[in-house]
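Inspection log for the structure reproduced underneath, given as structure tokens.
Here, each number is a calculation from the coordinates, and none is a lab measurement. In this text, all values refer to a predicted model and were calculated from it rather than measured experimentally. Positions of Cβ are generated from backbone atoms using ideal geometry, with glycine treated the same way; all protein chains shown enter the neighbour counts.
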Amino acid sequence: MSIFVIVALALAVLSLGAVGVAGVALARTVKGLAAAAGRTMEQVRPLTEELAAETAVTTLEIDALQRRIAARRDAPRRRS
């Protein structure tokens, strides 16, 4: 075998090794990212539940205010 074939094979093996190492590193990073996203969702979930409850209360308050405004607008018409 010529030296060029040996060097080409060695470079191919090194390249495959580098791709393998990069793949393992990528897999670890993705696994860590998924775990961090899960922890973040656990922390955010109570806040979203509280926001939903506050939104429901605010909706009720807005409805009540709109009814009061409509009643006040209609009140002068009834007097006339």
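Some points to look at:
- Leu47 being surrounded by 10 or more Cβ atoms within 10 Å (Cβ to Cβ), out of contact with any Phe, Trp or Tyr (no Cβ under 8 Å at 6 or more places or on another chain), part of a helix (DSSP H, G or I) and not polar (S, T, N, Q): no
- Here the condition is being loosely packed, with under 10 Cβ neighbours inside 10 Å and among the hydroxyl-bearing types (Ser, Thr, Tyr); of Ser2, Ser15, it holds for Ser2 alone.
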